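**Q** Dropping a structure here in structure tokens format, bear with me for questions.
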Amino acid sequence: MSSGYKSWILLTGFILFYVAYLLLGALVFSTIERPVEDKLKSDIQVLKEEFLNQSCVNATSLENFLEKVLQANKYGISILPNSSASSNWDLASSLFFANTLVTTVGYGHTTPLSDTGKAFSIFYALLGVPFTMLVLTACVQRLMHPVTYGPIDMCRQRIGLDPLAATAVHFAILLLLVVLGFFVVPAVVFSHIEDTWSFLDAIYFCFITLCTIGLGDYVPGEKPGQKFRSLYKISVMVYLFLGLMMMYLVLRAFHRMADLHGLTSFFQLPHCDEDTEEDKEPIIEVGHEDQHEAEASAKPLDPASQTSYNTINR
């Protein structure tokens, strides 16, 4: 088996282990938080009944009632009857929370209710955040040649563009495809599924999400009676991971283009090859017996074997 296939198999295993880590976190969060959520919902319903049974409502009782309702709403618990059917800590919602936690998006709509859940969140994110960055880096590293170096080489050889023009055209096309595939098209889908979202709201959500800002004013799948809510949440998770990967890929491509065009030298910024060795030393190692093949497949910057930014004269 060639080193290229071995590397892809290892990367697939890496991603599967990441998925298993998310599932483990979801199970733990659901086990810890769902009983606390059920108790809080029960307490809120009792509070509502007691408030409605009062013969005379004064300002103090109203303020106490509103204070407790707002406190529960901060944890995603609503007093409205049509909002009490769905849980914020079922398996799909817990998986969604775990994903937003380790990707640092953190919408904040759902937060741990118990001290145990808060402590576990610290431990889980402490391992999960760098693990997520490692998985994204490994995926981008494997995509750099087929998505970046290969198309640039094709522009130079088949179209006859000079190196600077080829890199500029490639980056423009890549940026256009990412904007269409991860902002415009998802925004159309979100605005169709979420009744209260306009197209601008959906574009805003995509931007806030993929930039990992995560303000939390728009969260998908939270409206009452959402159809296929679990599948919808998981689909948003897949979109989030792929979107972050493509954003990282675009940033890497821009950094290398800026390096080639002399912008990094002009602004006295570190060159791409100075601040990272990812393309020279693959994260996913291969055997020594296939070292020559590995250099061709996993090290696209090797000037002797592949066309890259380093082979282009500045």
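**Q** Given just the C-alpha atoms of the range 9-75, how large is their convex hull per residue in cubic angstrom?
**A** Given the Cα convex hull of the range 9-75, per-residue volume reads 71 Å³.
**Q** Could you compute how much accessible surface ILE203 exposes when probed at 1.4 Å, giving the result in Å² to the nearest 10?
**A** Rounded to the nearest 10, that gives 50 Å².
**Q** Further question: Need the full-extension length gain, PHE199 to LEU269, defined as separation in residues times 0.36 nm minus the C-alpha distance. One decimal, nm.
**A** On the way: separation 70, 0.36 × 70 = 25.20 nm, distance 3.75 nm.
Stretched out fully, the PHE199 to LEU269 stretch lengthens by 21.4 nm.
**Q** Past 19 Å, Cα to Cα, is the threshold; run LYS48/LYS227; LYS68/LYS118; LYS48/LYS233; LYS68/LYS223; LYS74/LYS118 against it and keep the listed order. Walk me through the numbers before you get to the answer.
**A** On the way: LYS48/LYS227 28 Å; LYS68/LYS118 21 Å; LYS48/LYS233 30 Å; LYS68/LYS223 22 Å; LYS74/LYS118 15 Å.
Exceeds cut-off: LYS48/LYS227; LYS68/LYS118; LYS48/LYS233; LYS68/LYS223.
**Q** Between MET133 and VAL179, what is the label-point separation in nm under the 7 Å Cα-to-beta-carbon projection?
**A** A separation of 2.9 nm, rounded to one decimal place.
**Q** Using a Förster distance of 25 angstrom, determine the FRET efficiency expected from the C-beta separation of ASP217 and LEU242, and round it to 0.05. Provide the component values of the computation, followed by the final result.
**A** Values: r = 23 Å, r/R0 = 0.92.
It comes out at approximately 0.60.
**Q** Right, next: Taking 0.36 nm per residue of sequence separation and subtracting the Cα-Cα distance, how much length would be gained by fully extending the chain between LYS68 and GLN45, in nm to one decimal? Before the final figure, lay out the partial values.
**A** Numbers: separation 23, 0.36 × 23 = 8.28 nm, distance 1.13 nm.
Length gained between LYS68 and GLN45: 7.1 nm.
**Q** Using 0.36 nm per residue of separation minus the Cα-Cα distance, give me the extension gain between SER230 and ALA119 in nm, one decimal. Kindly include the intermediate steps, with their values, before the conclusion.
**A** Details: separation 111, 0.36 × 111 = 39.96 nm, distance 2.59 nm.
That pair, SER230 and ALA119, stretches by 37.4 nm at full extension.
**Q** Can you pull the one-decimal nm distance between simple spin-label points at ALA168 and ASN58, each 7 Å off the Cα toward Cβ?
**A** The two pseudo-label positions are separated by 7.6 nm.
The values are calculated or read from the model by the stated rules, or taken from the named source; none is laboratory data. As the structure is a computational prediction, the values presented were derived from the model and not from experiment. For neighbour counting, all protein chains shown are included, and Cβ atoms are generated from backbone atoms with ideal geometry for every residue, glycine included. Only protein heavy atoms, including side chains, enter the accessible area calculation; ligands, DNA and RNA are left aside. Shrake-Rupley method; radii C 1.70, N 1.55, O 1.52, S 1.80 Å.
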